[in-house]
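So the structure is just underneath, and the comments pick up after that.
The values are calculated or read from the model by the stated rules, or taken from the named source; none is laboratory data. Computed from a predicted model, the values in this text were never measured in an experiment. Don't worry about glycine lacking a Cβ; one is built from the backbone with ideal geometry, like all the others, and counts go over all protein chains shown.
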Amino acid sequence: MNSKKSNRKFFLQPRTLLIIFLVMAVLMISSALIELQQSKKELLTLMERQAHSLLESLIIASQNSLKSSELLQKLSKDRLLNNASLVKDLFEKNLVNNDLLREISEKNKIFRINIFNNSGQKIYASHQQEHFDLPENNSPLEILQPIFSGETDTLIIGIKAARYEEGYRYAVALAAKNNSAIVLNIDASQILNFEREIGFGKLLRNVIQNEEIIYVALQDSFHILAASGNVKQLERIEQSKFLSSALMDSTFKARTVVFDSLEVFETVHPFGYRGETIGLFRIGLSLQPIEEINSRIFRRLIIITIILILSGSILFTLIFVRQRYDLLQKQYQVVETYSSNIIQNVSDAIIVFDKIKGIKIFNKTAELLFKKQEKDVLGLTVNQLLPKQDFDNFPSMQQVELNLNHQVMYLLVSRSTLFDSEGIENTILIIRDLTRQKKLEEQMQRKERLSAMGELASGVAHEIRNPLNTIGTIAQQLRKDFKPVENKEEFSQLSGLVYKEVKRINTTIEDFLKFARPQPLTPSEFELKNLIAQIKQQYQSMAKAHQIELKIYQKWNGNVIWDEKQIKQVLMNLMQNAIDAIKNDGMVTLSVNKTADNEIEIMIKDNGAGMLPEIRSKIFNLYYTTKAKGTGIGLSIVQKIVYEHGGVISVESEPEKGTSFTVKLPERIEL
């Protein structure tokens, strides 16, 4: 258990928390940096995939562009060859003339139809020659030489520069009789415009319009076949293992290179057409988007790091403050618990109250004193608990006499005030129960008075007893031996009265001597319920005769060590007084309890006439009695017996409300 507590304390130490925070911060920052590198790799991989897709799309588009251009030229070639075949038939039948060729040209939208002999001279033409002083851009003799020499009967000349004018023509030629040549051409601007709009060059230009594409180029082993962007020079294929490997292996590859002092992401792929490798397509992509993304991630990382440090600092501060607060709170709770335990377990009753919330503290001693639970008095005003007390003008310490729970109690009340944190004035009452002490003092005073009176009575008894014995003896002797002559009966009565009174006085003296010299205690162990049963049996019939209800409440049935005979005398005396106090139709109760101080409490209570305060204060005095036939010595003897047992006897009485005698004795006295 101690090791667990020490481990817990270790983990709650500020230094430990700081180390844990720093380790976590390093782990989080390292994780973020690793994530940044991983993110960069993933972005490059994604870019590589996108570039691959772009290259494949570009290759397919380029191939389609070439096919479209070829198809257009094929259509032009087929149209021209068909018309050339028609002109050839007519020429070989000698039906051709310039007008016929013009008509065919206009009808079939052919730019020129010319027939050359094998010497390269034009013999027929669909249009008259308009240029005589311009230099030739090309020579028909050279171009048509394969036909003139008989090497071929069909010659696809294709796109060529116009002979005299600016521009380009698309031309075909068929061989005719005598190795002559029939040449048809159309204006090649449409074909060239088509190629410019949807052809390979246009495609490359459209691709380069994307800001993230730095360049696109088609390169063979010797030179750049086509390119777009600011491409003036590129690394030659044979000078690079990377480019050579890609061209030879016909695979897609990617790398990062420097182009025009700019770092770019280059992807390459071989370009083939109709089963023949034409060259290597190269696309350079800008790394700026990745750099921007990485910059944003890095900025976020810095921001997260700052936030983490700030949050950690705040958290650490809060933990530190919280820890200190918890420590202070625990210390406060310890002090509060300690103070509360002191308050709850002191021998004096403590009551704390204010004028707003009423009673706020009511300790255990106060519960025992007032016989009320704390939960029942919290929030009440103090005047509801202690009526008729002016606490606004109450001195700092005063002894008060109160009637609590039908019992007169003597309390020493100390009053003080303090202001709490909210500025509310709190009143603290410390109450000490002086009732037992007061009663002991009264009992001691009574004992002292009784002792003095007993000593006096003893002395007087000794001084009177001898003369009384003499008087009694003489009176008895005279009554026996002396015979008067006259008034014999009167003499006999008077002598008998003298003897009787002497005897009565002697009995009184004997009682005085019993009080002055009481018998020593002879304690023994006996069961208290047996003694109570004897008292009940002895007075049951007497109470019934006076229509008095006798009730016994024995709540404790243990054994005691007392002088049984003398305690029985105490109970008989008190029970007789209770019955005598009720004329008729009343009730006497005898109850036995054990107090919190481990004392045995015997209470005998009646609902008789009660006593005035001035009478109640004198009933334990020797020779004081309110009965016509009483001697005033019974309660004095009762008090003396109780005192010799180490106990206390008290009386509570109010006129017309009855009287109760309470005897408190220790459970055992020394044998």
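Residues of region 92-122 that are of a type in the set (Val, Ile, Thr) and part of a loop (DSSP other than H, G, I, E, B): Val96, Ile110.
For region 133-148, the count of residues that are closer than 15 Å to Leu184 by Cβ and surrounded by fewer than 18 Cβ atoms within 10 Å (Cβ to Cβ) is zero. Being in contact with a strand residue (DSSP E or B) (Cβ under 6 Å, 6 or more places away or on another chain), at pLDDT 85 or above and not acidic (Asp, Glu) holds for only one residue in Ile208, Ile182, and it is Ile182.
Applying the criterion of at least 3 residues that are of a type in the set (A, V, I, L, M, F, W, C) and modelled with pLDDT of 80 or more to the strands (runs of 3 or more DSSP E) found wholly in region 220-328 leaves 253-259, 262-273, 276-286.
It is to be established whether one or more residues within region 115-126 are out of contact with any Phe, Trp or Tyr (no Cβ under 9 Å at 6 or more places or on another chain) and among the β-branched types (Val, Ile, Thr).
Just the residues of region 115-126 that are out of contact with any Phe, Trp or Tyr (no Cβ under 9 Å at 6 or more places or on another chain), to begin with: 121, 125.
When the remaining residues are screened for being among the β-branched types (Val, Ile, Thr), the result is none.
Checked against the condition, which is being out of contact with any Phe, Trp or Tyr (no Cβ under 9 Å at 6 or more places or on another chain) and among the β-branched types (Val, Ile, Thr), region 115-126 yields no hits at all.
If the requirement is being at pLDDT 85 or above and either on the phi < 0 side of the Ramachandran plot or not in a strand (DSSP E or B) (or both), which of these qualifies: Lys640, Lys618, Lys664, Lys627? After ruling out the rest, the residue left standing is Lys664. Restricting attention to region 403-431 and to residues that are modelled with pLDDT of 80 or more and among the charged types (D, E, K, R), the residue that is nearest to Ser650 (Cα to Cα) turns out to be Arg415. Quick check on region 284-302. Is at least one of its residues exposed (fewer than 11 other Cβ atoms within 10 Å of the Cβ) and more than 24 Å from Val258 (Cα to Cα)? Yes; the residues of region 284-302 include at least one that is exposed (fewer than 11 other Cβ atoms within 10 Å of the Cβ) and more than 24 Å from Val258 (Cα to Cα).
Being small (Gly, Ala, Ser), surrounded by 19 or more Cβ atoms within 10 Å (Cβ to Cβ) and in contact (Cβ under 8 Å) with a residue 60 or more places away in the chain is the requirement here; does Ala596 meet it? Spelling it out, it is not the case that Ala596 is small (Gly, Ala, Ser), surrounded by 19 or more Cβ atoms within 10 Å (Cβ to Cβ) and in contact (Cβ under 8 Å) with a residue 60 or more places away in the chain. With the condition kept exactly as written, say whether any residue in region 117-130 is touching a residue at least 60 places away in the same chain (Cβ under 8 Å) and crowded, with 16+ Cβ neighbours inside 10 Å. Looking through region 117-130, at least one residue is touching a residue at least 60 places away in the same chain (Cβ under 8 Å) and crowded, with 16+ Cβ neighbours inside 10 Å. The condition of being surrounded by 15 or more Cβ atoms within 10 Å (Cβ to Cβ) and of a type in the set (Val, Ile, Thr) holds for Ile110. Can you find a residue in region 371-391 that is part of a strand (DSSP E or B), at pLDDT 75 or above and not aromatic (Phe, Trp, Tyr)? The answer is no; no qualifying residue exists.
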